[in-house]
1. Restricting attention to region 236-258, report how many residues are open to solvent by 70 Å² or more (accessible area, probe 1.4 Å) and modelled with pLDDT of 95 or more.
2. Would you call ALA80 more than 12 Å from the chain's Cα centre (by Cα) and of a type in the set (A, V, I, L, M)?
3. Residues in region 154-162: is at least one over 27 Å from VAL208 (Cα atoms), among the aliphatic types (A, V, I, L, M) and over 13 Å from the mean Cα position of the chain (by Cα)?
4. Suppose we keep only residues that are without any contact (Cβ under 8 Å) to a residue 12 or more places away in the chain and of a type in the set (Lys, Arg) within region 180-213. Which one would you say is farthest from ALA123 (Cα to Cα)?
5. Looking only at region 141-158, filter to residues that are of a type outside the set (Ser, Thr, Tyr) and touching a Leu at 6+ places or on another chain (Cβ under 8 Å); which one of those is farthest from GLY187 (Cα to Cα)?
6. Is it true that some residue in region 157-174 is within 15 Å of PHE87 (Cα to Cα) and not aliphatic (A, V, I, L, M)?
7. Collect the residues in region 214-230 that are among the charged types (D, E, K, R) and open to solvent by less than 70 Å² (accessible area, probe 1.4 Å), keeping them in residue-number order.
8. Does ILE198 meet the test of being touching an Asp or Glu at 6+ places or on another chain (Cβ under 6 Å) and either open to solvent by less than 70 Å² (accessible area, probe 1.4 Å) or within 14 Å of ASP158 (Cα to Cα) (or both)?
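The values are calculated or read from the model by the stated rules, or taken from the named source; none is laboratory data. Keep in mind that this is a model prediction, so the values were computed, not measured. Using ideal geometry, Cβ is built from the backbone for each residue, glycine included, and neighbour counts are taken over all protein chains shown. Side chains are part of the model used for accessible areas, which takes the heavy atoms of the whole protein and leaves out ligands, DNA and RNA. Shrake-Rupley method; radii C 1.70, N 1.55, O 1.52, S 1.80 Å.
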Amino acid sequence: MNICGCWVSSMKLPFLGWRFSRPFTSLCSSSFSPRIMTIQSCSSPSSSASLSTSESKEMKKEASPWLIVGLGNPGKKYAATRHNVGFEMVDTIAEAEGISMTTVSFKSLFGKGFIGDVPVILAKPQTYMNSSGESVGAIVSYYKIPLKQVLVIFDDLDLPFAKLRLLPKGGHGGHNGMKSVINHFKGNSGFPRLRIGIGRPPGKMDPVAFVLRTFTKHEREELNFTLQDGLEAVRILLLEGFDKSATFVNSAKKIEQTG
């Protein structure tokens, strides 16, 4: 099935196919913006001319949603394990922003909504970690989302426990889920990612066994604070830009420790 071709031929403008959790007035033309809640009257041909060039550019810019993906494994067996902190971060965002994640689409649990005025898709691939790219690649292709607006959230053995790191691009770092995503982007790794530290396994424990372990009570308490920091980092990223979000992420732990 040529997903991309079906979308273009049937919809012409991808964003018009969206149904968000925030209500919209009915459309009388094919030109609209999620920020502009009143639609220009069809009986006023000159009304569109009243839009400034900057407003028109803003409308076009806003027509493309962000995709926020958390990586993990489906099923109760893997719930609340270290390898599934990406899923937990997406759940935290969905709950805070009132976005339902009950739809199953593109081999993922899937939700649409807003963060502030920014339209977003939230996704938790259900393909199992090592095939995450099957889901992520299909979503990006269907909705024609620029890779700079794809944020992938995943666990990282090489970061201290509960530490966050936001990067604009990079390799897979040995993470099989990220490896799959990059492969389905045809080797393009130029998309932002939020890494959540899960620490190194103790002693000579097999890393595979370690990432499938749950958290201690103390770790869970600390992780919950980290998830709230991650939520704020995502909000800043979408509403204020990458640099401000990265600054927040890099200073979050220092603020907590001195507070």
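1. Qualifying residue count, region 236-258: 5.
2. yes
3. no
4. LYS204
5. If we take residues in region 141-158 being of a type outside the set (Ser, Thr, Tyr) and touching a Leu at 6+ places or on another chain (Cβ under 8 Å), then ASP155 is farthest from GLY187 (Cα to Cα).
6. No, region 157-174 has no match at all.
7. Selection gives GLU219, ARG220, GLU222, ASP229.
8. Yes: the conditions hold for ILE198.
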